[in-house]
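**Q** One structure, as structure tokens, below. Some questions next.
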Amino acid sequence: ALPSFFTGVVLLVTKETGGLTFAVCGLWLAGVWIWQEKSVGGLALLGLGGAASVLAAAAIFVAASGGFAPAREVLVHLGDPSRWVWQREHSSGPWYQFIYLMWLVGPLSLLFSGLGVVVAARGSAGFPGAARVVALNALAFVGLACFGPVFQFLRVLSPANACLALLAGLGVWEVARLARRHLPAMPFRLAMAALAMVLLMECVQNYNTFTS
């Protein structure tokens, strides 16, 4: 219960979309307790910690706002349709528009992270459970950005940046594994050198994109 509580509080008070990570991980752990551990007690403790974290985060929000009345005003302001005019104009569109944005920012990162999702779903990594949680969290945020009404901007992905990086690394690992299996020694070394050079070029391009 305590890990669930503290994790939930940190995620909920750090960033608005942190609750999505908390929900994904909570649902995964609930599934582990139900189908793998078959423990009602563990599931109950998980739920208790999660519920307590929501209450604690709400209390912190009210205290930081200066009381219930200012907190209510904040929520009313967030729900004001006029607040979202700019976002509807500049951060909305067809779902594939955001995928194209990810492609413009880092094409190889997108391709390798997509391959990493496939590897995680297939369970061929040496840590299938952890890889699937990482993939689910990344897909949850990409889905929010693609299909949310006003969320098509890269900052929405920030809580899942580490997950996307891990998935891209898993994709690179899969390419190296397949090359090792199917190529002789010398072609394998040349392929890995070429891959390293391409990844270095991608890093330079990503840096130039974010600093331009």
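**Q** Any chance you could check the Cα centroid distance between segment 101-176 and segment 20-37 for me, in angstrom?
**A** 19 Å
**Q** Quick one: accessible surface of Val74, probe radius 1.4 Å, all protein chains present, in square angstrom to the nearest 10.
**A** 60 Å²
**Q** Let me ask another. Suppose only helical runs count, i.e. DSSP H with n ≥ 4. What mean residue ellipticity at 222 nm does that imply for the chain under -39500 (n - 2.57) per run, divided by all residues and rounded to the nearest 500 deg cm²/dmol?
**A** On the way: 10 runs with 166 residues, N = 212.
Helix contribution divided over all residues of the chain: -26000 deg cm²/dmol.
**Q** Ignoring the sites themselves, what is the longest stretch of the chain with no GluC sites (Glu not before Pro) in a DSSP loop and at most 15 other beta-carbon atoms within 10 Å? The partial results should precede the final answer.
**A** Details: sites that count: Glu16, Glu37.
Here the longest run is 38-212.
**Q** Let me ask something else about it. When the dipole is taken about the Cα centre of the chain, and only Lys, Arg (+1) and Asp, Glu (-1) are charged at their Cβ, what size is it in debye, to the nearest 20? Intermediate values should be presented prior to the final figure.
**A** Details: 12 positive and 7 negative charges, 110 e Å.
With only Lys, Arg, Asp and Glu charged at Cβ, the dipole is about 520 debye.
**Q** Spelling out what I want: for every residue of segment 100-116, take phi, set θ = phi - 60°, compute 6.51 cos²θ - 1.76 cosθ + 1.60 (Karplus), and round to whole Hz; glycine and proline get x.
**A** These are the phi-based 3J(HN,Hα) values: 5, 4, 4, 5, 5, 6, x, x, 5, 4, 5, 5, 5, 5, x, 5, x Hz.
The values are calculated or read from the model by the stated rules, or taken from the named source; none is laboratory data. Since the structure is predicted, the reported quantities are computational estimates derived from the model, not experimental observations. Every residue, glycine as well, gets a Cβ built from its backbone with ideal geometry; the counts of neighbours run over all protein chains shown. When the accessible area is computed, the model is the full protein with side chains, heavy atoms only, and any ligands, DNA or RNA have been set aside. Shrake-Rupley method; radii C 1.70, N 1.55, O 1.52, S 1.80 Å.
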